[in-house]
Amino acid sequence: MSHPSAAGDPAAPGTVLQVSPLLPALEATLAERHGAVRLHELPDPAAYLRAEGGNVVAAVTSARFGVANSLMDALPRLGAIVHFGVGYETTDVRHARARGIDVSNTPDVLTDCVADLAVGGLIDVMRELSAADRYVRAGRWTTAPYPLTSRVSGKRVGILGLGRIGRAVARRLEGFGTDISYCSRVPVPGVGHRHLPTARELAAECDAVVVTVAGGADTRGMVSAEVLDALGPDGYLVNVARGSVVDEPALVAAVREGRIAGAALDVFADEPNVPRALLESDRVVLLPHIASGTRETRRMMGDLVLDNLRRFLAEGVLLTPVP
């Protein structure tokens, strides 16, 4: 049997399967335009897959949930997995490709908002904006001035992972007169910032490290205890990538013991659960995975999901396939 997406042929008529919760507006459009079946809302998903799995040609999911290998294998005609989000590590792309399934994500449209938040987190944790806000609200300003904090301008900032988001962070930080270095597998062509080959070397050379590297098995625990020790008691960590990139127990210990100055975190190892030691620390800025969480960006992400799906159903190819 030929695959629906083979040789650029449009997919044969079939079912669009929504695997996970999505934005209400996107869910409504998927249902209205494509008759999408919401697998996660069915009373017996396994029974549905046994009866109707052979009709599914495309699956739409979120970066948080992805599509499990077992689900792929239950969908013999599946030709495309369309992700809402830039991340796709929750889907085994290698397994999908072995099955002849194409995979897409939503790059570029969320770059600016994630980069904005990364810089905002850096400013917040270094100038202690959130902590100072709590200080005022608690009435403590009436008894003593707030302690001095660390300036951002002119600092040495390292970017771990110089992809689209990392480069956008670098462009913003240039406006602060920072000395920017980065770590990636190989030097990025056309980039004038200094390249360092390992996360430890980057941390040792910088006052702050901003994590923008992709998640997945290759980067799991990349920010290790050794990296945090290299960052040191005057160093700051900002993570807008994935919680898996940071060794969270090592980070908790480093914060508790004062071995780093502070951290701004938008992602965690077991979201939405956050270690108590981080919740109790005034030196940590905690955000509920909102880097791309603006109305404008989420709308553009939803539009790109629909564009990918339409392109696949019409032509058998995806608009933004993952590399």
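Every number here is computed from the coordinates shown, using simple stated rules; none is lab data. A quick note: this is a predicted structure, and the numbers were derived from the prediction, not measured. All Cβ positions, glycine included, derive from the backbone under ideal geometry; neighbour counts span all protein chains shown.
Miscellaneous remarks
- With neighbour counts taken as other beta-carbon atoms within 10 Å, the residues 176, 84 rank, fewest first, as 176, 84.
- Segment 260-311, Rg to Rh (Cα coordinates; Rh as Kirkwood inverse mean 1/r): 1.20
- Max mean-square fluctuation residue, GNM over the chain, Cα-Cα springs under 10 Å, options 237, 129, 251: 129
- Histogram of C-alpha separations across the chain, 10 Å bin width, %: 6, 25, 28, 21, 14, 5, 1, 0
- Net charge, residue 21 excluded, C-beta distance under 14 Å - Lys, Arg +1, Asp, Glu -1: +1
- Cα convex hull, segment 191-274: 89 Å³ per residue, rounded to a whole number.
- Fraction of beta bridges assigned by DSSP in the chain that are antiparallel (%, nearest 5): 5 percent
- Here the Karplus curve 6.51 cos²θ - 1.76 cosθ + 1.60, taken at θ = phi - 60°, turns the phi angles of segment 233-242 into couplings of x, 9, x, 10, 10, 10, 10, 10, 9, 9 Hz, with x standing for Gly and Pro.
- Selected from 147, 233, 288 as most flexible by GNM, with the chain as the system and alpha-carbon contacts under 10 Å: 147
- Here, P(r) means the percent of Cα pairs in each 10 Å bin from 0 to the largest distance; for segment 66-172 it is 12, 27, 21, 19, 13, 7, 2.
- Stretching the chain fully between residue 185 and residue 226 yields a gain of 12.9 nm (0.36 nm per residue, less the alpha carbon separation).
- Efficiency of FRET between residue 234 and residue 299 - r from beta-carbon atoms, R0 35 angstrom, step 0.05: 0.30
- Relative to the current alpha-carbon distance between residue 146 and residue 279, full extension at 0.36 nm per residue lengthens the span by 45.8 nm.
- Estimated FRET transfer efficiency (residue 198, residue 138; beta-carbon r; R0 41 Å; 0.05): 0.50
- Net lengthening on full extension, residue 310/residue 253 (0.36 nm per residue, minus Cα-Cα): 15.7 nm
- Of every Cα-Cα pair in segment 7-98, the percent that sits beyond 15 Å: 58 percent
- With K and R counted +1 and D and E -1, the other residues having a Cβ less than 13 Å from that of residue 289 yield a net charge of 0.
- For segment 111-286, the percent of C-alpha pairs falling in each 10 Å distance bin, counted from 0 to the bin holding the largest distance, reads 10, 41, 36, 11, 2, 0.
- For residue 316, the residues whose modelled amide H falls within less than 5 Å of its own, excluding neighbours fewer than 5 places apart on the same chain, are 11.
- Exposure proxy ranking, count of Cβ atoms within 10 Å, fewest first, for 153, 292: 153, 292
- Taking amide H positions as modeled 1.01 Å from N, with prolines and chain starts lacking one, the residues under 5 Å from residue 60 and 5 or more places away or on another chain are 17, 18, 19, 82.
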